[in-house]
Amino acid sequence: MGKYLLTLAVIFTAGHSSINLSAQTVLETVQVEAYRLSSPEALITGALHIVDSASIHSFAASDLSTALNGIPGVKMETRGDGGSRRLHVRGSALRSPYSVRNTMLYYDGFVLTEADGNSPLEWIDPDLVQSLSLVSGPAAASFGGAYGGALNIYTPSFTKSATHAWVHSQAGTTGNNDLGINTRISSGVDIGFENMGVSISAIMTDNPGYRTWEWNNKTQLNLRFKYFDKAGGIHSMLAGHFDGDWALPGAIKQSQVDTLPTASPGADYNAHVARLRDIAGYKFEKTFNSGWEFSTSLLGRFTSKTNPYGTSQFYKGYKEESGSGYSLLASAGKRIYEGNVWSLDFEMTVMHLDDKIHITELESEPSELPTGIIIPMRYDLTMNAQQNFVSTSWVATRLNNFRIEGQIGLSNRSRTISGWTPGYGGLRNRSSSPLYSDNVSTLHSIKKTHSTILPRIGLSWEVAPGYSLFAQASTGFSDPTAFELVNPEDGQISELDSESAFGMEMGIRAQLYDQVKIGFTAYQSSVNSAILQVVQENDAIAFANIDGGLIMSGLELEIDYIISDQINIRAYGSQTLHHFGEETDHAGNSLPGSPRTSGGIQLNSNYSWGTARLNTRHIGETPLNNEGSSVMDAYSVIDASVSVNLPYDMSLELGARNILDAEYSAWPQLNGVYGKFYNPAPPRTAYLSIRWGI
């Protein structure tokens, strides 16, 4: 309901439809539902990036990496197309060796982020998405407290009294001629009635990968339902099932990159992830005659995972995970005063997250040993995590050219870890015998509680038509996730504290001419009790709180230039100055995983027959370890595609990724031992994609 930054009208296009909706009636206006108060674009007090369906579905994307990597300050990496993924916003992969940290994830107004801060990014498939918005920096604290960003996903709207079916089929090369072709088949049907809509879709993908152990596949089923009652209420329901598997190839040395880039040490240990997810949710929205806008959503989630892992005889094991939980979100907002000069808006939000995760780890995969052999257990732990977030916002606007936003929020988080670990020290150095009768197990019952006050203030001023200044500051936090529970060196509980952060940013938006728009942002964030990746001598990854703080500052730039009715060009770039604080062991050193410069150029040409696209992306030198002694060379990647409109509402896209055959690592392994820093990306690949709207 209460909408935070911007209200968009989005039509049902590109990836899901070739129907001309100019003659159709859309059941609802698709809006940026971020449970915050709306704002004219000129008065947005922070950095907001909106990506439309054309960008999300281009270049045969299997995930959001293509779309998100076109946003300055954002880096999404995958091990192979559609494989394991990680995302960081104005941060460093040093905190995000996999998955997502510091960033909240919302899906049509439902909270997908779990109570421990992890977000299931694998759930978000481009064929399900109409548009997305990313709020980065201090404003993200308004979405629950994460200091990095808030990612909002929006699905297509329904068309009144109309039925639309669609099919998307795709095939492409992997870069390794011996491993075959990657494939995708997805389809769905959207049915709009007079006052309701139903959508059912299914997605199946299979990718044998570029490296010898980089395969991945998934099956995903999705259901959406929306009903408009006679009293003005909007009822939304969703449900879905995800079944995915992806290999963990493991990092290699530079010498192997030069001689055998497809080498995968994880293949020797069957290292992979098999993940199941189920979600179901209900949302209610209504605008009352009194002017109050109200929204509430409830989402339940269930998951299980098996994970044989390892890249060496000293670092291997087998994990099983199961979890369940729910998220509850409610907000209410109203314009409480409107005069000739000033107006005043009020909004209040309540969010509750609750998740229970059970993780066990064994010495080896059960299937590796004959029946009757006891496999030693390393730990058996359960984590119960809760988050409670309450905030109020007051927004004063003067003559539609000056705006001040004030927020005060309170976040209370708790987590309880119970279970047991073996009573010896040094899991990796003990005897290989399955019997340890001389060791006494240690029972654990540890509770951590954090409370954080989250003030935020934002200002924006349209100094002249088309020219706006903005500035804001806020606090934020990030809690340790379930992945960071145990130190893999000794099997003991990692009693990590929550990160705390203070961020500031300022910027300018300018419409120079009708054809040229520029956005520039400067930011700085300091993080205390930072949770960073520590690599053990046995190649195992652990996490620790780093005293002394991190400083993350940078500059971001975007330029949009409409050359003609058919051609537009977009350029973006960022420079990061992310480094360890003065009191740390690596004072002044750049944070590993943060490229010093990055950017790109996107060229789109639209014609009656179809569309041609060119996407260039440059990643500057990237530090690979805390000491700064290893640096990954800069690289540039160019992708190109041509889409042709065919009869019967069909479109065909033919394209190539990495057309210059650049050699680079899409997933640098930070602080890798023995020089194992690299996960080589595929060379030049080609694909063919066909979409059909019925």
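The values are calculated or read from the model by the stated rules, or taken from the named source; none is laboratory data. Just so you know, these numbers come straight off a predicted model, no measurement behind them. Heads up, the Cβs are rebuilt from the backbone with ideal geometry, glycines too, and the neighbour counts pull from every protein chain shown.
In the stretch 498-528, which residues are under 23 Å from the mean Cα position of the chain (by Cα), assigned to a loop (DSSP other than H, G, I, E, B) and surrounded by fewer than 17 Cβ atoms within 10 Å (Cβ to Cβ)?
None - no residue of the stretch 498-528 is under 23 Å from the mean Cα position of the chain (by Cα), assigned to a loop (DSSP other than H, G, I, E, B) and surrounded by fewer than 17 Cβ atoms within 10 Å (Cβ to Cβ), so the list stays empty.
Among the candidates Tyr326, Tyr337, single out the residue that is more than 29 Å from the chain's Cα centre (by Cα) and either in a strand (DSSP E or B) or not aromatic (Phe, Trp, Tyr) (or both).
Result: Tyr337 is the single residue among Tyr326, Tyr337 that is more than 29 Å from the chain's Cα centre (by Cα) and either in a strand (DSSP E or B) or not aromatic (Phe, Trp, Tyr) (or both).
If a residue has to be within 17 Å of Asn412 (Cα to Cα) and outside any strand (DSSP E or B) to count, how many in the stretch 440-488 make the cut?
Result for the stretch 440-488: 3.
Within the set of pairs 6 or more residues apart or between chains, which connect a residue that is under 30 Å from Glu627 (Cα atoms) and in contact (Cβ under 8 Å) with a residue 60 or more places away in the chain inside the stretch 670-687 to a residue that is assigned to a helix (DSSP H, G or I) and not hydrophobic (A, V, I, L, M, F, W, C) with Cβ atoms less than 9 Å apart?
Once the first residue is under 30 Å from Glu627 (Cα atoms) and in contact (Cβ under 8 Å) with a residue 60 or more places away in the chain and sits in the stretch 670-687, its partners that are assigned to a helix (DSSP H, G or I) and not hydrophobic (A, V, I, L, M, F, W, C) give Gly675/Gln254; Gly675/Ser255; Lys676/Gln256; Lys676/Pro265; Phe677/Gln254; Tyr678/Gln254; Tyr678/Gln256; Pro680/Gln256.
For (1) among the polar types (S, T, N, Q); (2) surrounded by fewer than 16 Cβ atoms within 10 Å (Cβ to Cβ); (3) at pLDDT 95 or above; (4) touching a Leu at 6+ places or on another chain (Cβ under 8 Å), each residue gets a yes or a no:
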site: Glu347; (1), (2), (3), (4): no, no, no, yes
site: Met351; (1), (2), (3), (4): no, no, yes, yes
site: Pro370; (1), (2), (3), (4): no, yes, no, no
site: Ile375; (1), (2), (3), (4): no, yes, no, yes
site: Val390; (1), (2), (3), (4): no, yes, yes, yes
site: Gly425; (1), (2), (3), (4): no, yes, no, no
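Go through (1) under 21 Å from Ser665 (Cα atoms); (2) surrounded by 21 or more Cβ atoms within 10 Å (Cβ to Cβ); (3) under 25 Å from the mean Cα position of the chain (by Cα) one by one and return the number of the condition Ser264 breaks.
Condition (3) is where Ser264 drops out.
With Leu670, Leu688 as the choices, which residue is in a loop (DSSP other than H, G, I, E, B), touching a Leu at 6+ places or on another chain (Cβ under 7 Å) and farther than 21 Å from Gly70 by Cβ?
Checking each option against the conditions leaves just Leu670.
Can you go through Gly291, Gly240, Gly300 and tell me which one is in contact with a helix residue (DSSP H, G or I) (Cβ under 9 Å, 6 or more places away or on another chain), more than 30 Å from Leu624 (Cα to Cα) and touching a residue at least 24 places away in the same chain (Cβ under 8 Å)?
The unique qualifying residue is Gly240.
Name, by its number, the condition in (1) within 17 Å of Ala139 (Cβ to Cβ); (2) aromatic (Phe, Trp, Tyr); (3) modelled with pLDDT under 90 that does not hold for Phe502.
Exception for Phe502: condition (3).
List every residue pair whose Cβ atoms sit under 6 Å apart, with the two residues 6 or more apart in sequence or on different chains, where the first one lies in the stretch 600-628 and is charged (D, E, K, R) and the second, anywhere, is assigned to a strand (DSSP E or B).
These pairs meet every condition: Arg613/Asn604; Arg613/Ser641; Arg617/Gly600; Arg617/Val637; Glu621/Val631.
How about the stretch 142-181: which of its residues are touching a Phe, Trp or Tyr at 6+ places or on another chain (Cβ under 8 Å), surrounded by fewer than 21 Cβ atoms within 10 Å (Cβ to Cβ), assigned to a strand (DSSP E or B) and of a type in the set (A, V, I, L, M)?
The answer is Val167, Ala171.
Looking at the structure I just gave you, is Arg184 part of a loop (DSSP other than H, G, I, E, B), buried (at least 22 other Cβ atoms within 10 Å of the Cβ) and on the phi < 0 side of the Ramachandran plot?
no
Select from the stretch 340-356 the residues that are in a strand (DSSP E or B), more than 21 Å from the chain's Cα centre (by Cα) and without any contact (Cβ under 8 Å) to a residue 40 or more places away in the chain and list them in ascending order.
Residue satisfying the conditions is Lys356 alone.
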